[in-house]
Structure formats: C-alpha cells, structure tokens
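Notes follow the structure.
The values are calculated or read from the model by the stated rules, or taken from the named source; none is laboratory data. Quick caveat: nothing in here was measured; it's all calculated off a predicted structure. Because the Cβ atoms are built from the backbone with ideal geometry, glycine has one as well, and the counts that use them run over all protein chains shown. Please note that ligands, DNA and RNA were not included when accessible areas were found on the heavy atoms of the full protein model with its side chains. Shrake-Rupley method; radii C 1.70, N 1.55, O 1.52, S 1.80 Å.
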Amino acid sequence: MYADIIIDITHEKLDKVFQYAVPSNLEGKLSVGMEVMVPFGRGNRSTKGYVICLGNECKYDPSKIKEISGIVSDSMEIEGKLVALAAWMKEQYGGTMIQALKTVLPIKQKEKAKVKKRVRLLLSEEEGKEKLEYFLHKNQKARARLLAALLDEPTLEYELVLHKLNITLSVIRAMQEQGIVALESKQVYRNPVEGTKENIQITYTKEQENAIGDFWSDYEKDIRGTYLIHGVTGSGKTEVYIEMIRRVVELGKQAIVLIPEIALTYQTVLRFYRTFGDRVSIMNSRLSAGERSDQMMRAKEGKIDVMIGPRSALFTPFKQLGLIVIDEEHESTYKSEQIPRYHARETAIARANMEQASVILGSATPSMEAMYRARNGEYKLFEMMNRTGRHSMAEVYTVDLREELKKGNRSILSEKLQTLMEERLERNEQIMLFLNRRGYSGFLSCRECGYVVKCPHCDVALSLHNSGKMVCHYCGHEETKPSCCPQCGSVHLGQFRAGTQQIEKIVKERFPGVHVLRMDMDTTRKKDGHESILSAFANGEAQILIGTQMIVKGHDFPNVTLVGVLAADLSLYADDYRAGERTFQLLTQAAGRAGRGEKKGEAVIQTYSPTHYAIKTAAAQDYEAFYQEEIQYRDLMGYPPCESLLAVLLSSENLQLLDMGCRYLKEFADRLNKEKKIDIIGPATPGIEKINDVYRKVLYLKAQRYDTLVKVKNYLEKYIEVNPGYLNIRVQFDFNPMNIF
Ligand code: ADP
Ligand code: ZN
Ligand code: ZN
C-alpha cells in the first residue's frame, strides 16, 4: 500500500504531493484525511502531513520511497475532515485532488493583506448637496472637492483621496468631526455588523413550532438528517433557522448559514446579530483573500459560532459543526462554476454526514432535486404555507401578449399593465418591471400563436445561430429556420430583442416625468452598484425600477405594490431542461415582491404562452401543481432529478484537434457502455461556441444512477490522462449542470 501525502496544507502553493509507503503495522488503519508523521526532506526531519489518497500503485522508484512513521492521533482534526471532504468532491465532481483541496482549505496568505483605508460619505445625497453649496460659498475648496467626489461615488480609496484629489488628512479629519465622512479601515470587515444583542420574544406560529420541534426532537436523540423547509416568503423561515441554530450552539456546536450573495443583506445579518452578537461573522466576495482567511482562522480558533456567507462559507473550519443551513436552496449560485463543479447542497450533506451535523434546506420554491428527495423520504419535509404577518399573497394576472398584438398594441407594456401602472403612480406607490433574460438563448417564436421551435429529441427550445441555423445545445440537432409558423402559418416569427435599456426608454416615453431606475449588468458594474440602486429605490428616489432577475432578491420594498413581468417566455424557452423550473421560481419570486408592506400587491405576467404549466402554476402560486407537471417531464425525458446527467465540456484553440478529441472520447464512452446503462448524446456546440479564441464542445451522458456516471467519469479521466492527444484539450466535468454551456 502507498499513500499520497500533502505536507503543508496551509501553503499558498498547494501543489506538491509526496508518495510514501504504508508500513505493515499501519495497514488498514489509515484513511483519507488522517494526520500522519513522515520523514521529510534531506535530513528526514519528522514532519506532519495529511493522507489525501491511498492506493496500490507505486508512482516512483520503490527503493527510494520512504515509509510513514506513524499516525498523529485517532481523532481527526478539522483539516483532516476537510481533506476527506475534498477527496469526496474529487470523486463526485471530477478534477484533481489539488483543485479540490484548494476549494475546501483555508489557505493562509503569505503576506497579511494590507490595511486598506477608505473614506465614506455619511450624508444622504440631499444633505450632501446642501453641504457642498455651503463649502463652495465659504470657498473651502478642498472640502468641496472631496464632497463632490463622494457624491459621485460614496466610498473612495484613501490613497486616491490623498494623491489624486490632493486632500490632506487634516481636511478628512475635520470633515469626520463634522459627521460628513467616515474614515474606515479593514477593521470594518472584521466586525462587519454592529448592533446590540437583544432579547426579542416571539410567539412561533404552529408551522414554525412544528419545524423547530421535530428537528429538535431528532437532534436530541442524536439523529442527524436533512430537512427541507418549503415555506412561502414571509412564513418565518429565517426565524426558524435562528432558533434551531441557537439550540445547536447552546450544545457547544457551530453552524454555517449559506445565503446567495445577492440576498446577503445588512437586514438579514442584523437579525442573526441580535441573537448571536459578535459570535457571528460573515463572508462575502468583497472580502480580500487575506480577510477571508482571517475569518476562517477566527472560526478555527473558536471565536465565532455562526458563519454566514455564500457557497464558499460551507468550508468554514469549525471544530464541532452541528448544523448547516442553506437558504434559498434552489438558487443556481450554489453550483460552482470552477473545477470541482460542486453543488453546495450535496456537498453540505456530505460534510454533515462526515461530521455528525444536520442540514436545513429552505426555499419558497424548492428545487426539483430537493423536493424529489423529500418525497422519496431522503429528507424530512416541513411545509410553512402561511405568512406570519397580515399581508396576503399578491393578486396575479396573466396577460396574453398574442391578444395584445391582435388588438393592435405592439408595445411591450400591455394595456392591463399600463392601467395598473397609472393607478400606482397616482397613489405614489412603487412599481417593479422585470425582464427575466436569464438563460435567454435566442429561441424563435410565433407572435400570433406562441409556437416555439423545439428540438424533436430533447424537448428544449432550439437557438437561432448567426448562421441562420436552429441548433439544439444538447444533442447538436440542426435545422433551417422556418419562414413561417409550422402551427398557424403566420410569418410573424421572430426572436425577442428588447433589453432593459429599451424598456427604460419606452417607459419614460409613456410616463414622462416619472423617476425611473434601471438595474442590469451595465448599471451594477461598479462596486456596490447593486446595493446603491436598490437602496435608492428603497428610499423612494424613483417610482419605477426596471431590471433583470437581480431585482427580485434581497431588499424588501414595502411600497412596491405592482410587479410586472414583461415577457415570461424569455426564461421559459431557455435552451435547457431547467427552463420551466427557473421560470416558475422567477415568477413566484417576482410576484412575492408585490405587497410586502401594509398595502395589497398585484402582479402582471405577460406571456405568449399563458397556458404553459410553468406560467399557469406560477400565476396560481401553486407549487404542488407545478412540481407534479415538471417531475413528469423530467421522468419522461430522463432528466435530473429522475436520472442523472453529466456534461463533459471539451475546449481547445485547435478546432480540428477538438473535433477529434470529442470523437475519440465518445467512442471510448461507447466501448465502456456495453451494458447500455448510459445514453451518450452529442457532441453539441454550446451556445457560446468560442470564448477568447478557444472552441468548445459538449458531450452529454445520461444514466439512471449518479454513481454509474461517476464510474464513467473516472474511466474518462484516466483515458484522457494517458492519451497525449488531450494535452491541448481542456476537459471539464459537470454533473447535473445548472446552466447550459
Ligand atoms: P422568511 O425567511 O420565510 O421570508 P422571515 O423569517 O423573514 O420569513 O419572517 C418574515 C417576517 O415576519 C420577519 O419580519 C419576521 O421577523 C416576522 N416573523 C417571523 N416569525 C414571526 C412570528 N412567529 N411572529 C411574528 N413575527 C414573525
Ligand atoms: Zn403561429
Ligand atoms: Zn436535441
């Protein structure tokens, strides 16, 4: 037996693995993740290392291989547990052990991240402008210059203020004393939330009580498991998480709360802070690598009990992890886009199993995967169907855009929507208009009957390529673009072109003088752009907010009483099998945005396909009906969660080489497939055929069981490793992909 050992796992350059022989007295006693002592280097200095792989194959000259000297201790340290988790991820998702280790281990930064100072404006825009007038009037040029800059960009780097704006520290200090600006250093991240621990007593609803009670009765009996809370927005899920965590923490254990970054708002964190005070910490993408590693170290040293953050917070090195909560479990951001392309839900469950923790999944629109498993009895299901407050669910109207066209209305704003918008503007309430472009891939549809051109083999929409061909992104099926509608004969067959910018223009023309904010990739590019637009809207600086799916998450807007979904079809006819699910989720979330305050909300869903089940069930806010229809489709077509799907993405600068690589790989997969356990589909050309001059192709493998695909992946990885033809082809595996390539 031989073992691969990694010596220094906190090193930045985590790329050296050493092979050692397993002495006979240790045979059968070692497992991945275990801490061992090995002789290292010229002097054979006794050094600590971690087992990352065990096997029979000796990769070096056997006479030169050294032996492991001993096991450090039987109980696994947290690093060891994470190493074991990395091994699991490598097996489940593909890639190398090093890539997996880099994903899970907190790497110490060689150099401490420098303290970055920033100057932040503390005044509102209005107050700021007033002050600016004053400074100009008093001829206080330096102050005016700084304030003007801050009115453009509320947070500025200290260096920039000093050197580019030529402002001295004494000017900043003076303005700080006047309460105009704050001078912040890295410390702001250290203790990201301030507030006081409060003791708020709430009386739980019956549904909340059930969830907490059932979970706790299992936990006290040392039963660990996965629980899915299906609870409408406002049903009090967050309160339930907090109470569950509070009890787990009382036992001396720790908890991780995963939240999609976009929903990780100050308001949310504040609620956790009230219960856990400074024993809670957060992670987000704005932290530097150094700051992240600081947070991880605090967790390891037992300085915090609760870590809140996006996907990567899952690897917080808590010593006694007791609970992992995944809020908005259906979000696609829980799937990593980097190798290993892991899913946080599955990985959280794997980690929880290894460390005797439980997992709570929460969503108003659970993913098909999670609900399927809950129905199979793998997870326990808690339903929370009632809102805690007075607010009722929004009234939802569906508008048939085909009828609008017949009536001669060619605008993107239907008559119904326009009428409701007018009402809102009169009453000084707010409106959100939402364009769900996510996943939009250039499908072709009939404006008169709503017909969409689909792949005859895969039942997903075909995409129109520049060449004029209609292409399937799964199987590669191609056909020429029809000149008229195959269903009704109409020649009004086209792609949907409107973007947020055009919609802004149309809205401004239709409602002159009304303040409109727009939120999309363009307007949020700046750091905090996202947050600043949302808070401007929350402050009432505009009556209408137009945006992509970004606007349906995060902030609560009590004054929004109308939500318009401009073209539900955009995400409905995305070119992948999750299109229906995603549309249902987006529409439900969008409708949930209306009427969060005292006033009743309404939502308008505009569509060419008013009878499509995803749209009908979303309008009726009927998750169950949606699930039943969708699961039939998945089952019929053999898509996850009923079966498993593996995308093999190949990319290369050399198209010929790439084609050959695909062909050989497919042939090899065919040879493995003697028992016909897998369907091999493609190669297909992805939606984006070329990125930075690198061509891409995808093969899809379908099988009843996930582990069949894992085995195939292992064979393919070996095949690729030993075949020099793949030296210039990059191959990535993606199991049950969330997004099409
Ligand atoms: P969700 O996470 O399901 O959207 P929240 O936990 O955020 O729901 O609850 C929505 C609102 O209702 C919050 O303001 C919360 O403080 C409040 N709330 C939750 N549970 C209760 C309760 N049992 N009694 C009163 N208010 C509650
Ligand atoms: Zn038609
Ligand atoms: Zn197809």
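Quick look at the numbers
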{"quantity": "Residues of type lysines that residue 674 reaches as a straight line, Cα spacing below 20 Å, ignoring anything fewer than 8 places off in the same chain", "calculated": "666, 702, 711, 713, 718"}
{"quantity": "Percent carbon-and-sulfur accessible area, the chain, ignoring ligands, DNA and RNA, probe 1.4 Å", "calculated": "47"}
{"quantity": "Protection proxy ranking of 304-311, 533-540, 489-496 - average other beta-carbon atoms within 10 Å, highest first", "calculated": "304-311, 533-540, 489-496"}
{"quantity": "Solvent-accessible surface ranking, highest first, for 60, 623, 706 at 1.4 angstrom", "calculated": "60, 706, 623"}
{"quantity": "Accessible surface, 1.4 Å probe, highest first, among residues 588, 233", "calculated": "233, 588"}
{"quantity": "Hydrodynamic radius (Kirkwood) for the range 126-170, which is based on Cα pairs only, to one decimal in Å", "calculated": "10.7"}
{"quantity": "Under the Debye formula (equal points on every Cα, no solvent term), log10 I(q)/I(0) of the range 575-632 at q = 0.17, 0.24, 0.28 Å⁻¹", "calculated": "-0.55, -0.97, -1.20"}
{"quantity": "With DNA, RNA and ligands ignored, accessible area of residue 163 (1.4 Å probe; Å², nearest 10)", "calculated": "120"}
{"quantity": "Descending Cα extents along the principal axes, the chain, whole Å", "calculated": "85, 73, 56"}
{"quantity": "Binned Cα-Cα distances of the range 389-521, short to long, each 5 Å bin given as a whole percent", "calculated": "2, 8, 14, 17, 17, 14, 11, 8, 5, 2, 1"}
{"quantity": "Value of relative contact order over the range 1-96, rounded to a whole percent, pairs C-alpha under 8 Å and six or more apart", "calculated": "33"}
{"quantity": "Mean separation of Cα contacts under 8 Å (6+ apart) over length of the range 628-714, as relative contact order %", "calculated": "38"}
{"quantity": "Cα pair distances in the range 64-188, grouped into 10 Å bins until the bin that holds the longest one, percent each", "calculated": "11, 27, 16, 10, 15, 14, 6, 2, 0"}
{"quantity": "Mean shadow area of the range 305-378, taken as a quarter of the surface of its Cα convex hull (nm²)", "calculated": "5.2"}
{"quantity": "Percentage relative contact order, the chain, counting C-alpha pairs under 8 Å, at least six apart", "calculated": "11"}
{"quantity": "Lone cysteines, the chain (no partner Cβ under 4.7 Å)", "calculated": "53, 58, 475, 484, 642, 662"}
{"quantity": "Residue 469-residue 705 FRET efficiency (beta carbon distance; Förster radius 30 Å; 0.05 resolution)", "calculated": "0.30"}
{"quantity": "Percent of C-alpha pairs per 5 Å bin, the range 247-379, short to long", "calculated": "2, 10, 20, 24, 22, 14, 6, 2, 0"}
{"quantity": "Rounded to whole Å, sorted largest first: equivalent-ellipsoid semi-axes of the range 3-89, Cα gyration tensor", "calculated": "18, 15, 13"}
{"quantity": "Accessible heavy-atom area order of 343, 515, 530, highest first, probe of 1.4 Å", "calculated": "515, 530, 343"}
{"quantity": "Computed [θ] at 222 nm, helices only, for the chain once each DSSP H run of length n ≥ 4 contributes -39500 (n - 2.57)", "calculated": "-10500 deg cm²/dmol"}
{"quantity": "Rounded accessible area of residue 88 (nearest 10 Å², 1.4 Å probe)", "calculated": "70"}
{"quantity": "Within the chain, percent of DSSP bridges classed antiparallel, to nearest 5", "calculated": "50"}
{"quantity": "For the range 433-485, with +1 on Lys and Arg beta carbons and -1 on Asp and Glu, the positive-most of 467, 477, 457 along the dipole", "calculated": "467"}
{"quantity": "Geometric extent, Cα atoms of the range 321-439 - Rg, Dmax (angstrom)", "calculated": "21.1, 63"}
{"quantity": "Quarter of the Cα convex hull surface for the range 633-699, i.e. its orientation-mean projected area (nm²)", "calculated": "5.2"}
{"quantity": "Amide N of the range 320-337 lying under 11 Å from the label point, which is placed 7 angstrom from the Cα of residue 250 along Cα→Cβ", "calculated": "none"}
{"quantity": "Residues with amide H under 5 Å from that of residue 19, placed H, sequence gap 5 or more", "calculated": "5"}
{"quantity": "Pairwise Cα inverse-distance average, inverted: Kirkwood Rh of the range 275-347 (Å)", "calculated": "13.1"}
